[in-house]
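First the structure, in the form of C-alpha coordinates, and then the observations on it.
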Amino acid sequence: MRTAVEVVPKLGMKSGTPALRIGGVATYDRPIEHLAGELDVLDFEVPIRAKDGRFGLVLCFALEDVPVDRLAADLVRVTHPDGAIWIVVWKKDFLSDGASSWKEAQEAMLGTGWVDNKILSLGAEVYATRYVRRRRPGKLEPAAVSERS
(Lines give C-alpha, C1' and ligand atoms only; values in the text may rest on other atoms or scores of the structure.)
Protein backbone atom coordinates (compact mmCIF):
# COMPACT_ATOMS: atom_id res chain seq x y z
CA MET A 1 0.00 0.00 0.00
CA ARG A 2 1.14 3.50 -0.77
CA THR A 3 1.68 5.74 2.25
CA ALA A 4 -1.00 8.00 3.66
CA VAL A 5 1.12 11.05 2.78
CA GLU A 6 0.92 10.03 -0.89
CA VAL A 7 -2.75 9.02 -0.97
CA VAL A 8 -4.87 11.08 1.42
CA PRO A 9 -4.25 14.50 -0.19
CA LYS A 10 -5.39 13.03 -3.53
CA LEU A 11 -8.73 11.88 -2.13
CA GLY A 12 -10.06 15.43 -2.46
CA MET A 13 -11.67 15.44 0.94
CA LYS A 14 -13.35 18.59 2.21
CA SER A 15 -12.30 19.57 5.70
CA GLY A 16 -14.91 19.09 8.39
CA THR A 17 -17.13 16.64 6.49
CA PRO A 18 -17.69 13.19 8.00
CA ALA A 19 -15.93 10.29 6.30
CA LEU A 20 -16.56 6.56 6.15
CA ARG A 21 -14.20 3.65 5.50
CA ILE A 22 -15.74 0.32 4.61
CA GLY A 23 -13.58 -2.79 4.92
CA GLY A 24 -9.93 -2.80 3.97
CA VAL A 25 -7.03 -1.54 5.99
CA ALA A 26 -6.59 1.25 8.51
CA THR A 27 -3.56 2.75 6.72
CA TYR A 28 -5.35 6.00 5.86
CA ASP A 29 -7.66 6.29 8.88
CA ARG A 30 -5.74 8.70 11.08
CA PRO A 31 -5.05 11.35 8.40
CA ILE A 32 -8.60 11.08 7.04
CA GLU A 33 -10.01 11.49 10.55
CA HIS A 34 -7.73 14.46 11.14
CA LEU A 35 -9.01 16.22 8.00
CA ALA A 36 -12.64 15.13 8.25
CA GLY A 37 -13.01 15.60 11.98
CA GLU A 38 -14.90 12.32 12.10
CA LEU A 39 -14.33 8.89 10.57
CA ASP A 40 -16.71 5.95 10.86
CA VAL A 41 -15.42 2.46 10.06
CA LEU A 42 -17.64 -0.43 9.00
CA ASP A 43 -17.03 -4.02 8.03
CA PHE A 44 -17.45 -4.81 4.35
CA GLU A 45 -21.01 -6.05 4.05
CA VAL A 46 -24.21 -5.21 2.26
CA PRO A 47 -26.49 -3.62 3.27
CA ILE A 48 -24.38 -0.76 4.56
CA ARG A 49 -25.70 0.24 7.97
CA ALA A 50 -25.16 3.97 8.04
CA LYS A 51 -27.29 7.11 7.98
CA ASP A 52 -28.42 8.30 4.53
CA GLY A 53 -26.57 11.20 2.89
CA ARG A 54 -24.23 11.75 5.81
CA PHE A 55 -20.70 11.25 4.47
CA GLY A 56 -18.67 13.66 2.38
CA LEU A 57 -16.12 10.94 1.64
CA VAL A 58 -16.64 7.19 1.45
CA LEU A 59 -13.64 4.89 0.95
CA CYS A 60 -14.87 1.37 0.20
CA PHE A 61 -12.49 -1.56 -0.12
CA ALA A 62 -14.56 -3.85 -2.38
CA LEU A 63 -12.04 -6.70 -2.34
CA GLU A 64 -14.43 -9.55 -1.55
CA ASP A 65 -17.49 -11.13 -3.13
CA VAL A 66 -20.48 -8.77 -2.97
CA PRO A 67 -23.54 -7.98 -5.09
CA VAL A 68 -22.04 -4.87 -6.73
CA ASP A 69 -25.34 -3.36 -7.85
CA ARG A 70 -26.58 -3.38 -4.26
CA LEU A 71 -23.22 -2.10 -3.02
CA ALA A 72 -23.31 0.80 -5.49
CA ALA A 73 -26.85 1.75 -4.48
CA ASP A 74 -25.93 1.65 -0.78
CA LEU A 75 -22.78 3.72 -1.31
CA VAL A 76 -24.79 6.40 -3.10
CA ARG A 77 -27.43 6.31 -0.35
CA VAL A 78 -24.96 7.00 2.49
CA THR A 79 -22.91 9.60 0.61
CA HIS A 80 -23.81 13.28 0.68
CA PRO A 81 -24.85 14.51 -2.80
CA ASP A 82 -21.81 16.79 -2.90
CA GLY A 83 -19.49 14.06 -1.60
CA ALA A 84 -17.26 11.48 -3.26
CA ILE A 85 -17.14 7.70 -3.27
CA TRP A 86 -13.85 5.86 -3.73
CA ILE A 87 -14.18 2.17 -4.60
CA VAL A 88 -11.01 0.10 -4.19
CA VAL A 89 -10.73 -3.08 -6.29
CA TRP A 90 -8.01 -5.55 -7.20
CA LYS A 91 -5.88 -4.83 -10.23
CA LYS A 92 -6.57 -7.27 -13.05
CA ASP A 93 -3.52 -9.48 -12.37
CA PHE A 94 -4.48 -9.86 -8.70
CA LEU A 95 -8.25 -10.31 -9.01
CA SER A 96 -9.35 -13.06 -6.62
CA ASP A 97 -12.20 -15.52 -7.20
CA GLY A 98 -15.57 -13.96 -6.51
CA ALA A 99 -14.29 -10.39 -6.11
CA SER A 100 -15.73 -7.82 -8.48
CA SER A 101 -13.57 -6.54 -11.29
CA TRP A 102 -13.08 -2.85 -12.00
CA LYS A 103 -15.42 -3.19 -14.99
CA GLU A 104 -18.22 -4.69 -12.87
CA ALA A 105 -17.84 -1.98 -10.22
CA GLN A 106 -17.74 0.68 -12.93
CA GLU A 107 -20.96 -0.55 -14.57
CA ALA A 108 -22.74 -0.71 -11.21
CA MET A 109 -21.70 2.80 -10.19
CA LEU A 110 -22.49 4.36 -13.56
CA GLY A 111 -25.92 2.76 -13.29
CA THR A 112 -26.59 4.92 -10.22
CA GLY A 113 -26.10 8.13 -12.17
CA TRP A 114 -22.80 8.91 -10.48
CA VAL A 115 -19.76 9.31 -12.74
CA ASP A 116 -16.09 8.44 -12.41
CA ASN A 117 -13.56 11.21 -12.60
CA LYS A 118 -10.31 9.91 -11.15
CA ILE A 119 -8.32 6.70 -10.69
CA LEU A 120 -5.65 6.36 -8.01
CA SER A 121 -3.23 3.49 -7.52
CA LEU A 122 -2.98 2.50 -3.88
CA GLY A 123 -0.15 0.05 -4.48
CA ALA A 124 0.94 -2.84 -6.67
CA GLU A 125 -2.24 -4.87 -6.15
CA VAL A 126 -5.18 -2.45 -5.80
CA TYR A 127 -6.44 0.83 -7.14
CA ALA A 128 -9.36 3.13 -6.44
CA THR A 129 -11.83 4.94 -8.65
CA ARG A 130 -13.52 8.14 -7.52
CA TYR A 131 -17.20 8.69 -8.25
CA VAL A 132 -19.15 11.90 -7.86
CA ARG A 133 -22.75 12.83 -8.55
CA ARG A 134 -23.35 14.06 -12.08
CA ARG A 135 -23.58 17.84 -11.79
CA ARG A 136 -25.44 18.53 -15.02
CA PRO A 137 -27.49 16.53 -17.48
CA GLY A 138 -25.62 14.63 -20.16
CA LYS A 139 -25.17 16.19 -23.57
CA LEU A 140 -28.30 16.17 -25.65
CA GLU A 141 -28.64 15.85 -29.39
CA PRO A 142 -27.79 19.14 -31.09
CA ALA A 143 -30.85 21.23 -31.78
CA ALA A 144 -32.13 21.02 -35.33
CA VAL A 145 -31.12 24.01 -37.39
CA SER A 146 -34.05 25.61 -39.16
CA GLU A 147 -33.50 26.68 -42.72
CA ARG A 148 -34.31 30.26 -43.55
CA SER A 149 -35.66 31.24 -46.88
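Go through region 104-114 and give me each residue that's surrounded by 14 or more Cβ atoms within 10 Å (Cβ to Cβ) and outside any strand (DSSP E or B).
Correct list: E104, A105, Q106, E107, A108, M109, L110, T112.
Looking at (1) more than 28 Å from G98 (Cα to Cα); (2) open to solvent by 60 Å² or more (accessible area, probe 1.4 Å); (3) assigned to a helix (DSSP H, G or I), which is the only condition V8 fails?
Only one criterion is unmet by V8, namely (2).
In region 22-70, what count of residues is obtained for those that are in contact (Cβ under 8 Å) with a residue 40 or more places away in the chain and either over 15 Å from the mean Cα position of the chain (by Cα) or open to solvent by 60 Å² or more (accessible area, probe 1.4 Å) (or both)?
Of the residues in region 22-70, 2 are in contact (Cβ under 8 Å) with a residue 40 or more places away in the chain and either over 15 Å from the mean Cα position of the chain (by Cα) or open to solvent by 60 Å² or more (accessible area, probe 1.4 Å) (or both).
When you look at L63, is it touching a strand residue (DSSP E or B) at 6+ places or on another chain (Cβ under 7 Å) and hydrophobic (A, V, I, L, M, F, W, C), yes or no?
Yes, satisfied.
For region 29-76, which positions are farther than 19 Å from A108 by Cα and assigned to a strand (DSSP E or B)?
The answer is L39, D40, V41, L42, F55, G56.
Does S96 count as in contact with a strand residue (DSSP E or B) (Cβ under 9 Å, 6 or more places away or on another chain), surrounded by 14 or more Cβ atoms within 10 Å (Cβ to Cβ) and either within 23 Å of E125 (Cα to Cα) or of a type in the set (K, R) (or both)?
Considered against the rule, which asks whether it is in contact with a strand residue (DSSP E or B) (Cβ under 9 Å, 6 or more places away or on another chain), surrounded by 14 or more Cβ atoms within 10 Å (Cβ to Cβ) and either within 23 Å of E125 (Cα to Cα) or of a type in the set (K, R) (or both), S96 comes out as no.
With the checklist (1) open to solvent by 40 Å² or more (accessible area, probe 1.4 Å); (2) part of a loop (DSSP other than H, G, I, E, B); (3) more than 23 Å from A124 (Cα to Cα) in hand, flag the one item M13 doesn't pass.
Here M13 meets the rest and fails (1).
Return only the number of the condition from (1) surrounded by fewer than 21 Cβ atoms within 10 Å (Cβ to Cβ); (2) out of contact with any helix residue (DSSP H, G or I) (no Cβ under 6 Å at 6 or more places or on another chain) that A84 does not satisfy.
(1)
With the checklist (1) over 13 Å from the mean Cα position of the chain (by Cα); (2) at pLDDT 95 or above; (3) not polar (S, T, N, Q) in hand, flag the one item V115 doesn't pass.
The single condition V115 does not satisfy is (1).
Please go through region 94-103 and give me each residue that is at pLDDT 95 or above and either in a strand (DSSP E or B) or in contact with an Asp or Glu (Cβ under 9 Å, 6 or more places away or on another chain) (or both), ordered by number.
F94
Restricting to region 69-92, what's the tally of residues that are in contact with a strand residue (DSSP E or B) (Cβ under 9 Å, 6 or more places away or on another chain) and within 15 Å of T112 (Cβ to Cβ)?
So the count comes out to 13.
The values are calculated or read from the model by the stated rules, or taken from the named source; none is laboratory data. The structure displayed is predicted, hence computed values, not measured ones. All Cβ positions, even for glycine, are placed from backbone atoms using ideal geometry, and neighbour counts span all protein chains on display. SASA here: full protein model, heavy atoms, side chains in, ligands and nucleic acids out. Shrake-Rupley method; radii C 1.70, N 1.55, O 1.52, S 1.80 Å.
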